[in-house]
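Step one of this worksheet: look at the structure below.
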There are 4 protein chains.
Amino acid sequence: MSTPPRTGLWLIGARGSVATTTITGAAALAAKLAPPTGLVTETPPFAGASLPPLDSLVFGGHDTASCPLPKRAEALAEAGVVPHGLPSALHAELAAADAAIRPSAPAPASDRRDEDALIDTYAHDITDFTRTHGLARTVVVNVASTEPHPGTPEEPLPPSSLYAAAALRAGCPYVNFTPSTGLHHPRLAEAARTAGVPYAGRDGKTGQTLLRSVLAPMFAQRALAVRAWSGSNLLGGGDGAALAEPAAAAAKNAGKERVLADNLGALPEGEVHIDDVPALGDWKTAWDHIAFDGFLGSRMILQTIWQGCDSALAAPLVLDLARLLARADEQRLTGPVEGLGFYFKDPDSGPADLHGQWRALLDLAGRLTPASGGAA
Amino acid sequence: MSTPPRTGLWLIGARGSVATTTITGAAALAAKLAPPTGLVTETPPFAGASLPPLDSLVFGGHDTASCPLPKRAEALAEAGVVPHGLPSALHAELAAADAAIRPSAPAPASDRRDEDALIDTYAHDITDFTRTHGLARTVVVNVASTEPHPGTPEEPLPPSSLYAAAALRAGCPYVNFTPSTGLHHPRLAEAARTAGVPYAGRDGKTGQTLLRSVLAPMFAQRALAVRAWSGSNLLGGGDGAALAEPAAAAAKNAGKERVLADNLGALPEGEVHIDDVPALGDWKTAWDHIAFDGFLGSRMILQTIWQGCDSALAAPLVLDLARLLARADEQRLTGPVEGLGFYFKDPDSGPADLHGQWRALLDLAGRLTPASGGAA
Amino acid sequence: MSTPPRTGLWLIGARGSVATTTITGAAALAAKLAPPTGLVTETPPFAGASLPPLDSLVFGGHDTASCPLPKRAEALAEAGVVPHGLPSALHAELAAADAAIRPSAPAPASDRRDEDALIDTYAHDITDFTRTHGLARTVVVNVASTEPHPGTPEEPLPPSSLYAAAALRAGCPYVNFTPSTGLHHPRLAEAARTAGVPYAGRDGKTGQTLLRSVLAPMFAQRALAVRAWSGSNLLGGGDGAALAEPAAAAAKNAGKERVLADNLGALPEGEVHIDDVPALGDWKTAWDHIAFDGFLGSRMILQTIWQGCDSALAAPLVLDLARLLARADEQRLTGPVEGLGFYFKDPDSGPADLHGQWRALLDLAGRLTPASGGAA
Amino acid sequence: MSTPPRTGLWLIGARGSVATTTITGAAALAAKLAPPTGLVTETPPFAGASLPPLDSLVFGGHDTASCPLPKRAEALAEAGVVPHGLPSALHAELAAADAAIRPSAPAPASDRRDEDALIDTYAHDITDFTRTHGLARTVVVNVASTEPHPGTPEEPLPPSSLYAAAALRAGCPYVNFTPSTGLHHPRLAEAARTAGVPYAGRDGKTGQTLLRSVLAPMFAQRALAVRAWSGSNLLGGGDGAALAEPAAAAAKNAGKERVLADNLGALPEGEVHIDDVPALGDWKTAWDHIAFDGFLGSRMILQTIWQGCDSALAAPLVLDLARLLARADEQRLTGPVEGLGFYFKDPDSGPADLHGQWRALLDLAGRLTPASGGAA
């Protein structure tokens, strides 16, 4: 029997914390060095969906940074993000992925001709990766630092949109795991519509918003009146610095607010802060304070404190999405894939509550399952 | 046009905080003095279910205490549970309900003959109430303090079971809103099966367990491995004292643990404490600490702090349940009513996650809706 | 025996929440309707310091608002800040204080001649109050909403400085309980030096900073390395809106940061947010997250959540300060009074830790005690 | 110039987490591999106190366990308690300390003759250690798991008291860092009085009680009325299991309550729970909920959440105490050493607030300082 076709996972921001954790984790799971905690696609409902096996994934990507992946993985082990010992045990896999990383352009495109040339270069990098490794297909996933919100459609495309355009041009499924613009740029609308590839986004739901997507429906179902929902996020790492920029925070907070408005019927009072606290490294703390009224106007409060490792929360979702989009592409699905709101703060469509999103995801698993039955 | 038939609500523990809040609140809503916050049966999905209107409810009950309801309501206003001004504005309604309260037996039954006589007395009290007020039917709801867990089936019936038996004997729908035994006594099984009335229970889900029923599914759906779920509850009022009794706490905690085991597939490490803190009065604080593993074994923590008023959380659910059971009885449903797990820590059947329970409740609303359509 | 001389308390912002709570509380204590909880000057160490008795205080002040004090007090009772029943029981006292309130100028002074005229008017109001009521002296306390930070010394004096200048001109002791400029204006320096009255400030320490002034010394004494100290404040009322203004928040945060820098030797990472959440009314929630290193670099975290009523925290400190300044004036102390750092976020001098500040306050009590013993 | 005399540190429970962290840390500090975070005796006020240098400490002890220290240290590195890399870098030092550990008796003494023989054996082990290594003196520190509270003076001495008696018999300063009985046994009172050695105890103050000793004075100084102080502790490791035993918890909680009663003047409502949560390992979470009344009876709440590593909190205090007791012995101080309440939940004497205890500790540092001045 022949070996199964392999699938490429091309990461924009391939030497960042999320990418490094994703690549290290995939290699650890393939080598049976860790259980698949956090991977939804390894749970029973997905057993029959013919997703690409974890040991068939091949990694590459773009990045401006040059620190090699094995060294980045060691740093993450120091920080407690990945287990000690794993980076050295997986040195070969990390080095192989590192060799497949192509440099990002150091400066943004300054006019439309430059843009087109850059998109071409990026698309060629991806196609070259697919061909060199003999891959069935390659899924492009954006896990780079959040960009400031773009000004106007007339300005040059932001980097995230250049990479998204490159994915389309290379005929690759595309996932935007960040709040950056990516495919959501008016100048990419036509290409997205006609490219014939599946895509998904945006802004992975890893902490505070995940919680909000189960708590807000609870208040709504119990007819409790939420009066104010306030939040503070403390995080270090590159993400903390990027998101402390007011413009980037605005992009992120739009998603956070949408989950409240959609589930509660109206946006309650309250703000969300994102603070850069370098001392916390990859660890993120999110505090939420929810003031609500109960029967006869009684005043009540729920507070939540979420302490998690951002990269470890994101990485399994990146693997899930890459596998689901690879299979969707194999099934010839195109355009925005329905049923992936479970993964995103700001999904294209579908229900706003996590349970509804989970049901929609199970439906998608069913649609991806081969007709002959599989895990019926 | 004739006035609609009225429905009785007979409360066991009719002068307790939950009952007083329930009666005050129903009167306030009937008089349009407060919005129906917390009342699920006043939300759009229930508009067509032909539930008894709030202004058609008539209150009575049993209690050992003699402090009159208007005075109890004043005390609750002092404590901030109900708005100041409401008790005096609703004095007539509270006094009328108080006049319909019958004394509970001061001492428990000591042998089976005494038991039978007591059940008869209680059943007669209820029937008399129904007849005197010309009610279409009366729903009996247990909101008395939690009893210690009963020893053996050979011992005398605990008070909660005497009242449950009286409800059956009087042909009334019955709701056990507490973790006490109620209908769940082997010696009542046969009567429950043959009484031809609908019933529901047990142990209203008002705080920590409500939260757990949305958070536990989140961890399961995201394939995150919950390692320990610990909780502490601080509450005053009579409930704090009753639940600080180890035996009563055990009864309560069984329900709290079940929601975790059912949603997570296994019971994680961790204990639940219930402390009597008289200084907190009717206000309850519940702290939960959830240690979970993410990708590659990363250690993460979620903590929740719920600060609520127990009586204000319970009262609208009591009204919901009474209305739903009255309508179920009108529709000739008998036995345990399917679809009420939304309200209980320890339901007889149905899904364990709140969202699933909410769907089941909406299904019930559909079954209660008159065939002709009817959302007037 | 003659009645003791009475003391005036002139409040800038006399119809605000803090002032209304102060006046209501002083009247309640004088009438023995409440215990002196929160009043440091009613504890044993101050028994001999010959402070003006609580029932000898007479209230007046300036305000732009016109809603009468009895009505303001009713609103605070509705909001749960003062006990129900108190405003009506103390109606006479509240109405008397209300009658002594003079209007503030509706618009700020536009040039220095206007300034001088306004200061004169305000000084005359205060002097008139003192004379009319036959008071031994009047202490002026600023409890008005926080002003934005002033631009330059060349700009017109901000309102808080006009009132401070009026206090000096009227020969009255002065307390700045807010972070506004008050006496801290270069153009008032000379007058403050020569006025011959005692003064104190600034920015009352009522919540988060109070906590920080005991927690920061703990870390320092234990040689634990604080790496980041982050905070979020949620509050409604007028104060929430005023402090959510970036400029006003900057004034407030300067005090909050100083307590950390002074106690820890250096300012750790971390920001402080102040959010206006109208739904919370006078209730304030402050969350602090402190990341610190222990032995061998182990990472640890302390979090605190403070839920208090801002006006109820401030009011007893206002009474304390007025009594202490009145006695200091009687003792002919002039200039900044040493030993009041216990009360302020941003004191003029003295230790930065609460315990050291408390010792300094006890020293002041000793200095205020009559040589012969007084209340032995 | 001659080498300075060396000092022994004999740990009861020498292979436990606290002891292993202490030994690893002392070696790391001697080798300049870590900064002295958490070591109070390395701060400026102690520079002149002639304490034994960190690189002059020699370790030994008793334990029933046989897992060698280098392996225990590796396990602590895995658990994130000590930095990765340290155990291997310090293998020689850990192995040397391990070689100096003598076995504890497997079973407790059954009668007084057995007791005396055991005490003799233990004392001989200690003396032998001192002599073999040519030490100036050896300080004995109990860091073994907490014992259940002893029944009556007639019962056999608990193990902690046998070791305490052995320390006295060997003429060694003694520190009880645990809530176990140790020297606090009536049958050891006479020996303690006449042994001519300094001693200190008991129950190291490392988390929740440390916080309480700064927060309780704050409430007292501000005249705020604490109504209820409730706490929950979650911890794994051996300590979690030991303290979850009701009898051991009772011993520990006595100390926790004393700090409240002593600082507040009366013990407020509220309980303390200690839960064994193995999943947390050496990491401890303590939640405190403090309900207090402010001005006019307003209800306010402070909550604290302390997340620390128990061994990393304890280890530097163990080093501090050993150094201070060694110097006290050198200065011929005998009996309970005044000024060490800073370190203990249940000190023999002195102030109950942390700041007062810190002042007392600085006084002790002064008393230990050579008259000529001497901070060499």
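Of the residues screened, D:Pro316 is one that is under 20 Å from the mean Cα position of the chain (by Cα) and in a helix (DSSP H, G or I). For region B:303-313, taking the residues that are in a helix (DSSP H, G or I) and at the interface with chain A (Cβ under 7 Å from one of its Cβ atoms), the one that is farthest from the chain's Cα centre (by Cα) is identified as B:Ala312.
For the condition under 21 Å from the mean Cα position of the chain (by Cα), over 17 Å from B:Arg137 (Cβ atoms) and not in a helix (DSSP H, G or I), B:Ala27 does not qualify. Residue-level check: of (1) touching a residue at least 12 places away in the same chain (Cβ under 8 Å); (2) open to solvent by 10 Å² or more (accessible area, probe 1.4 Å), C:Arg332 misses just (1).
Filtering region B:321-349 to residues that are within 13 Å of chain A (Cβ to nearest Cβ) and out of contact with any Leu (no Cβ under 6 Å at 6 or more places or on another chain) leaves only B:Gly341. Taking the criterion of being in contact (Cβ under 8 Å) with a residue 40 or more places away in the chain and among the hydroxyl-bearing types (Ser, Thr, Tyr), the residues of region B:1-37 that qualify are B:Thr7, B:Ser17, B:Thr20, B:Thr21, B:Thr22, B:Thr24, B:Thr37. Being closer than 27 Å to B:Pro5 by Cβ, open to solvent by less than 50 Å² (accessible area, probe 1.4 Å) and not in a loop (DSSP other than H, G, I, E, B) is the filter here, so list the residues in region B:74-99 that pass it. B:Leu94, B:Ala95, B:Ala97, B:Asp98 - these are the residues of region B:74-99 that are closer than 27 Å to B:Pro5 by Cβ, open to solvent by less than 50 Å² (accessible area, probe 1.4 Å) and not in a loop (DSSP other than H, G, I, E, B).
A quick yes/no check of all residues on (1) at positive phi; (2) within 11 Å of chain C (Cβ to nearest Cβ):
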site	(1), (2)
D:Arg6	no, no
D:Thr20	no, no
D:Lys32	yes, no
D:Val40	no, yes
D:Pro45	no, yes
D:Val58	no, no
D:Ala65	no, no
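Scanning region B:319-343 for residues that are outside any helix (DSSP H, G or I) and under 13 Å from the mean Cα position of the chain (by Cα) yields one hit, B:Leu340.
Here is a yes/no grid of residues against (1) surrounded by 24 or more Cβ atoms within 10 Å (Cβ to Cβ); (2) charged (D, E, K, R):
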site: B:Thr209; (1), (2): yes, no
site: B:Gln221; (1), (2): no, no
site: B:Leu260; (1), (2): yes, no
site: B:Leu267; (1), (2): no, no
site: B:Ile274; (1), (2): yes, no
site: B:Val277; (1), (2): yes, no
site: B:Arg299; (1), (2): no, yes
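Once region C:111-135 is narrowed to residues that are in contact with a strand residue (DSSP E or B) (Cβ under 6 Å, 6 or more places away or on another chain) and of a type outside the set (D, E, K, R), the residue that is nearest to C:Ala170 (Cα to Cα) is C:Ile126.
Evaluating A:Leu76 against the criteria (1) within 11 Å of chain B (Cβ to nearest Cβ); (2) without any contact (Cβ under 8 Å) to a residue 60 or more places away in the chain leaves one unmet condition, (2). If you go through region C:223-244 and keep only what is buried (at least 24 other Cβ atoms within 10 Å of the Cβ) and away from every other protein chain (no Cβ under 14 Å), you end up with just C:Asp239. For region C:265-298, the set of residues classified as more than 9 Å from every other protein chain (Cβ to nearest Cβ) and of a type in the set (A, V, I, L, M) consists of C:Ala266, C:Leu267, C:Val272, C:Ile274, C:Ala286, C:Ile290, listed by residue number.
State whether the residues of region A:85-104 include one that is modelled with pLDDT under 95 and within 14 Å of chain B (Cβ to nearest Cβ). Yes: region A:85-104 contains one or more residues that are modelled with pLDDT under 95 and within 14 Å of chain B (Cβ to nearest Cβ).
Checking each residue in region B:142-187 for being in a loop (DSSP other than H, G, I, E, B) and touching a Phe, Trp or Tyr at 6+ places or on another chain (Cβ under 9 Å) picks out B:Val143, B:Ala144, B:Ala170, B:Cys172, B:Pro173, B:Phe177, B:Gly182, B:Leu183. When A:Arg169, A:Arg187 are screened for being under 22 Å from the mean Cα position of the chain (by Cα) and charged (D, E, K, R), only A:Arg169 passes.
Please tell me if B:Ala352 is assigned by TED's automatic domain parsing to the domain that holds B:Glu42, on the phi < 0 side of the Ramachandran plot, touching a Pro at 6+ places or on another chain (Cβ under 7 Å) and not basic (Lys, Arg). The answer is no for B:Ala352. If you check B:Gly48, B:Gly38, B:Gly8 for being within 17 Å of the chain's Cα centre (by Cα), within 21 Å of B:Ala365 (Cα to Cα), assigned to a loop (DSSP other than H, G, I, E, B) and small (Gly, Ala, Ser), only one passes: B:Gly38. A:Asp120 satisfies every condition listed in (1) closer than 26 Å to A:Ser311 by Cβ; (2) modelled with pLDDT of 95 or more; (3) loosely packed, with under 15 Cβ neighbours inside 10 Å except (1).
The values are calculated or read from the model by the stated rules, or taken from the named source; none is laboratory data. Values in this document were obtained by computation on a predicted structure and should not be read as measured data. When we count neighbours, we look across all protein chains shown, and the Cβ atoms used for this are built from the backbone with ideal geometry, even at glycine. Surface accessibility is based on the protein's heavy atoms, side chains included, excluding ligands, DNA and RNA. Shrake-Rupley method; radii C 1.70, N 1.55, O 1.52, S 1.80 Å.
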